[in-house]
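Report on the structure given below.
What follows draws every value from the coordinates through simple rules; no lab data is involved. Bear in mind the structure is a predicted one, so any value in this text is a computation, not a measurement. Please note: Cβ atoms are built from the backbone with ideal geometry, for glycine as well, and neighbour counts cover all protein chains shown.
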Amino acid sequence: MASVIETAPLVLNVGVVLTAAATMGFAARKVGLPSVIGYLFTGLLVSPFTPGFV
């Protein structure tokens with residue numbers, strides 16, 4: 001079983017990405033675009049830095 005020390009960075013990374021996606025989705029809606037555009041933009045920004053688990 002994985003220890004907390006091993007899983008904490010993974011949980012933090014996933015949380016940061018989900019928060020960024022939600023923020024960008026909200027921002028896209030504010031300018032009149034569908035939320036999915038914000039999610040896709042977040043994916044483009046985050047993808048070069050995504051760890052190997054994705």
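The table below lists the values:
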read-out: Virtual spin-label span in nm between Val16 and Val31, 7 Å along Cα→Cβ; value: 2.3 nm
read-out: Residue-averaged [θ]222 nm for the chain, counting only DSSP H segments that reach four residues, each worth -39500 (n - 2.57); value: -25000 deg cm²/dmol
read-out: Per residue Cα convex hull volume in Å³ - calculated over the chain; value: 73 Å³
read-out: FRET E, pair Leu45, Thr7, Förster distance 22 Å, beta-carbon r, rounded to 0.05; value: 0.35
